[in-house]
Amino acid sequence: MTRRLTAVAVASIAAMGVAGVATAASGHSAKVYRATLQAVEPAATTAGLATVTGRAQLVDGKRNNKVSLHMRNLAPGTTYLWHVHTGSCAATGAPVPGWTYRTQAGVNGTVTSNEAGNANTKGKSRTFNAERGTNYSVNVHVSTPTNGLPAGTIIACGDLKKSKANGKSKAHPPQAKGPKS
């Protein structure tokens, strides 16, 4: 009986080790990207939001992808649009399809600030897969015309950067595209 229990324990430990190596070798571990959002000028100042700041985190998992957004210094009780974009803040591309946000208007996520001007929200996707060499950013837009700005004007943006193991972030480096192995 003792030999059987020992054999089962050894087999279980070996199986866990092989599974861990297979996961690491297959590249299916979750990747975390973080962004610090800052005011986009002159639009933020025109909207009365020169001090708007925020942070975002995107987790690119095998099947379950998540993005969260935390904003400060927005106008109290105001709804904004937000989403993940391809490209950087300096060269924004199209919104990334496939995201479902906690609250949304069409394909855009929405976030409404509290009386202190702070807001938090999140989104999820089953289809997102960060592509090597592609930059991603998170944008926050005014949802209605504001002080002469048209609805949809970007007032805050942050470039998503891949997090290192020690918690610091690095830019998502461009890499050559080739066949996937």
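Close contacts from segment 77-88, counting a first residue that is under 18 Å from ARG55 (Cβ atoms) and a second that is assigned to a strand (DSSP E or B) and of a type in the set (A, V, I, L, M, F, W, C), with Cβ to Cβ under 6 Å and a gap of 6+ residues or different chains, come to TYR80/VAL111; TYR80/VAL140; TRP82/LEU69; TRP82/VAL111; TRP82/VAL140; VAL84/VAL67; VAL84/VAL138. Quick check: anything in segment 36-55 within 21 Å of THR127 (Cα to Cα), out of contact with any Pro (no Cβ under 8 Å at 6 or more places or on another chain) and not aromatic (Phe, Trp, Tyr)? No, there is no match, as no residue in segment 36-55 is within 21 Å of THR127 (Cα to Cα), out of contact with any Pro (no Cβ under 8 Å at 6 or more places or on another chain) and not aromatic (Phe, Trp, Tyr). Taken over segment 92-144, the residue count meeting the criterion of being among the small types (Gly, Ala, Ser), in a loop (DSSP other than H, G, I, E, B) and either in contact with a helix residue (DSSP H, G or I) (Cβ under 7 Å, 6 or more places away or on another chain) or modelled with pLDDT under 95 (or both) is 4.
The values are calculated or read from the model by the stated rules, or taken from the named source; none is laboratory data. Treat the numbers as computed from the prediction; the structure is a model and nothing was measured. FYI the Cβ positions are ideal-geometry reconstructions off the backbone, even for glycines, and counts take in every protein chain you see.
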